[in-house]
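Quick notes on the structure that follows.
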Amino acid sequence: MLINKPADIRQSEITSEQNYLNRRDFIRAGSIAGASVLAGTAFGAVIPEGERAKLPDVSKSAFSTIEAPNSYEDVTTYNNYYEFGTGKEDPYRNAGQFESRPWSITVDGHAEKTGTFHFEDFMKPFDLEERIYRMRCVEAWSMVIPWVGISLADVVKHFQPTSSAKYVAFETLNDPVRMPGQRRRVLEWPYKEGLTIAEATNPLAILAVGVYGETLPNQNGAPIRLVVPWKYGFKGIKGIVRISFTEEKPPVSWNIAAANEYGFYANVNPEVNHPRWSQASERAIGGGLFAPRKPTRMFNGYGEQVAHLYDGLDLRKNF
Ligand SMILES: Nc1nc2c(c(=O)[nH]1)N[C@H]1C(S)=C(S)[C@@H](COP(=O)(O)O)O[C@H]1N2
Ligand SMILES: [Mo]
């Protein structure tokens, strides 16, 4: 099943199959040596250390779009990650020295299984999948990014939330020494995000640990970040160290900063404008200076998968 109806997509946005296959072969060839040493799928996701290390045993997904991904350069040099500065190239310039190992993730709140886990142990039960997704920032730019990640639904099920768990909350590392952007109070640190349990268990939601078949660059949120492609990019919290199952709706950073501009749901919606700009169209990064803006699609084009989550909800009030 393909997510996008081809009629919605211009021919120029589709990767030529040959280019795509060439790149896949390249990625696969590069991973063979590593894959034989590192354990296979039977042992779950084994993540090599360091940037640009090939990820082993990545399967494809029917949820991937057929649109052409942005270049590796676009994906890794045009970023938002305020912990490393507020300019688009700041994360690329400033996050290079960040050490994403050792890393641990605390799982707490209303769940049968909780605790603090080494990143490697946290990953073990899960399988790696490539998910090529559209990404739409609330600032009205967009990209197509070939993530590698694990199903968030699988993660949620693994920790066995109790019936009291209505939301899943996430937090980024809080460390102003390693994340110099946190020395300025541009946001309330640590960066916080959250989803309803229904959103978190939707098959489209992933925790990404890679792009382009390799480990996640620091500027993209190494070692692990959230990707929810039907929502504005700011929901995709980077550098996650805590996952909490909560009964109450968790406070989230951009909503704390400006509640009238950034809602909890943050579903991509061409009909609900940001108070300071239109959301009806978007600028596709990498399209060149004279590329026409693209119409923004409801739920970023993922309505078939997620629209039912919001049945009966007024999306103008719950933006
Ligand atoms: N911790 C943290 N996560 C974050 C951000 C941030 O500033 N800090 N920026 C968000 C925003 S606004 C966007 S658009 C996406 C950008 O992801 P990318 O740089 O990988 O494209 O990350 C999101 N996750
Ligand atoms: Mo964003």
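The values are calculated or read from the model by the stated rules, or taken from the named source; none is laboratory data. Note that the coordinates shown come from a computational prediction; the quantities given were computed from them, not determined experimentally. Here the Cβ positions follow ideal geometry from the backbone for every residue, glycine too, while neighbour counts run over all protein chains shown. Quick note on the areas: whole protein, heavy atoms, side chains included, nothing else; ligands and nucleic acids left out. Shrake-Rupley method; radii C 1.70, N 1.55, O 1.52, S 1.80 Å.
Identify, please: which residue in the range 122-139 is part of a loop (DSSP other than H, G, I, E, B) and within 11 Å of ligand 1 (Cβ to nearest atom) and is, among those, nearest to SER71 (Cα to Cα)? Only one residue tops the list, namely CYS137. Filter the range 78-118 down to the residues that are more than 13 Å from GLY239 (Cα to Cα) and among the acidic types (Asp, Glu), then identify the one that is surrounded by the most Cβ atoms within 10 Å (Cβ to Cβ). The qualifying residue surrounded by the most Cβ atoms within 10 Å (Cβ to Cβ) is ASP90.
For the range 46-63, check the following and say yes or no: at least one residue is open to solvent by less than 10 Å² (accessible area, probe 1.4 Å), within 16 Å of ligand 2 (Cβ to nearest atom) and either more than 30 Å from TYR302 (Cα to Cα) or within 18 Å of the chain's Cα centre (by Cα) (or both). No. Of the helices (runs of 4 or more DSSP H) contained entirely in the range 1-115, those carrying at least 3 residues that are modelled with pLDDT under 75 and in contact with a strand residue (DSSP E or B) (Cβ under 9 Å, 6 or more places away or on another chain) fall at 17-37. For the range 264-288, a residue qualifies if it is part of a loop (DSSP other than H, G, I, E, B), of a type in the set (Ser, Thr, Tyr) and in contact with a Pro (Cβ under 9 Å, 6 or more places away or on another chain), and exactly one does: SER278. Scanning the range 168-193 for residues that are within 25 Å of TYR310 (Cβ to Cβ) and within 16 Å of ligand 2 (Cβ to nearest atom) yields PHE170, TYR191, LYS192, GLU193. Scanning the range 289-319 for residues that are open to solvent by 60 Å² or more (accessible area, probe 1.4 Å), part of a helix (DSSP H, G or I) and on the phi > 0 side of the Ramachandran plot returns no hits.
Of the set (1) closer than 21 Å to ASP121 by Cβ; (2) in contact (Cβ under 8 Å) with a residue 60 or more places away in the chain; (3) among the aliphatic types (A, V, I, L, M); (4) more than 16 Å from ligand 2 (Cβ to nearest atom), all apply to ALA165 but (1). Does the range 201-208 contain at least one residue that is without any contact (Cβ under 8 Å) to a residue 24 or more places away in the chain and not in a loop (DSSP other than H, G, I, E, B)? No, because not a single residue in the range 201-208 is without any contact (Cβ under 8 Å) to a residue 24 or more places away in the chain and not in a loop (DSSP other than H, G, I, E, B).
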